[in-house]
Amino acid sequence: MDTKSLENYLNHFGQSVVNQAIANLRKSKGDTALGKSIRFEVVPDARGFTTKFYMLDYGTFLDKGVSGNKKKQPFTNYKGATESSPYSYTNKQPPPSILSKWIKKKGLKGRDKKSGRYISNLSLAFLIGRKIKRDGIKSLSFFQKPLGLGLKQFGKDLLGNVKQDIIDTLNKTTVN
């Protein structure tokens, strides 16, 4: 059976999910390396085709959030249901060296509670890391939401594309 119509539809589906995920990420984080890394591929397999999505590893942590050791973080999955994040901090916190670079890039300055003096970026990084470990990282669901919308629409349009592939195959065999 000719599957060109179905393959084209899956390519359209994949591109739509990727475009919406990038747009969602841009709204909350601006242009990032993560946004530039999001892509898809339609791969032939034994059952027809599979659409695979790729992004930098930390994208799944931003998408689904990370629970802290004191607070669970929820995320909205592609079905629209709320779940607890599958990721969590246990006894480690984000490294102060990484957070210190982020603090410097953002131009943040921390102050001492008692005297109001500025504290070092490394001290501020430690305090931020401790809070992240305790409370976790909120989910952005930047990928889950467009995937869910795409799958909802996918079911409606899929039969029409399979039907078109069958018609195309019948037309080719009738003409030959």
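Taken together, the values in this text are just the output of simple stated rules run on the coordinates, not laboratory data. All of these numbers come straight from a predicted model, not from anything done at the bench. Reconstructed Cβ throughout: ideal geometry from the backbone, glycine too, with neighbour counts over all protein chains shown.
Applying a length cut-off of 18 Å (Cα extent along the axis) and a mean Kyte-Doolittle floor of -1.0 to the DSSP H helices of the chain leaves 4-29, 121-135, 144-175.
Taking Cβ atoms as reference points and 12 Å as the exclusive limit, the residues near ALA23 contribute a net charge of +3, counting Lys and Arg as +1 and Asp and Glu as -1. Using the Cβ of THR76 as centre and a radius below 13 Å, the other residues enclosed give a net charge of +2, where K and R count +1 and D and E count -1. Restricting attention to the chain, close to 95% of DSSP beta bridges with both partner residues there are antiparallel. Ordering ALA23, TYR118, GLN153 by Cα displacement along the dipole of the chain toward the positive end leaves TYR118 in first place; charges were set at the Cβ atoms of Lys, Arg (+1) and Asp, Glu (-1).
Contact order for the range 1-92, expressed relative to its length and based on alpha carbon pairs under 8 Å spaced 6+ residues apart, stands at 18 percent. In a reduced charge model with +1 at each Lys and Arg Cβ and -1 at each Asp and Glu Cβ, the range 18-89 shows a dipole moment near 280 debye about its Cα centre.
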